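Have a look at the structure below, then the notes.
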Amino acid sequence: MSPTENWREFVVAHADGGVLDGVVTRVLPFGAFVEVAPGMEGLLPTVGGTGPFAAGAAVAVRLDKLDVQNRRFSLTLA
């Protein structure tokens, strides 16, 4: 399946904001990137004292903002 098809399927399946199980892949000063599906990483910003996160940690998240045009999404803790 192509990356475009993967993205479309992800958007259709998760645009309703349901809870997703993910794994932290990278931690940066402003947040953590969380992989919620193979090849699908979103940003979980560090806001209001959330975190700290460690790479490899499992985390439950919810889709917050979806930028379909740029194929990006941000997350919040579930």
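Examine region 1-10 for a residue that is surrounded by fewer than 12 Cβ atoms within 10 Å (Cβ to Cβ), assigned to a helix (DSSP H, G or I) and in contact (Cβ under 8 Å) with a residue 24 or more places away in the chain, and state whether such a residue exists.
Taking region 1-10 and keeping what is surrounded by fewer than 12 Cβ atoms within 10 Å (Cβ to Cβ), we get 1-5.
Filter again for assigned to a helix (DSSP H, G or I), leaving 3-5.
If we keep only those that are in contact (Cβ under 8 Å) with a residue 24 or more places away in the chain as well, we get 3.
Yes, region 1-10 contains a residue that is surrounded by fewer than 12 Cβ atoms within 10 Å (Cβ to Cβ), assigned to a helix (DSSP H, G or I) and in contact (Cβ under 8 Å) with a residue 24 or more places away in the chain.
Restricting region 11-31 to residues that are outside any loop (DSSP other than H, G, I, E, B) and without any contact (Cβ under 8 Å) to a residue 24 or more places away in the chain, the residue that is surrounded by the fewest Cβ atoms within 10 Å (Cβ to Cβ) is VAL12.
Values quoted throughout were computed directly from the atomic coordinates according to the rules given, and no laboratory measurement underlies them. Computed from a predicted structure; not experimentally measured. Reconstructed Cβ throughout: ideal geometry from the backbone, glycine too, with neighbour counts over all protein chains shown.
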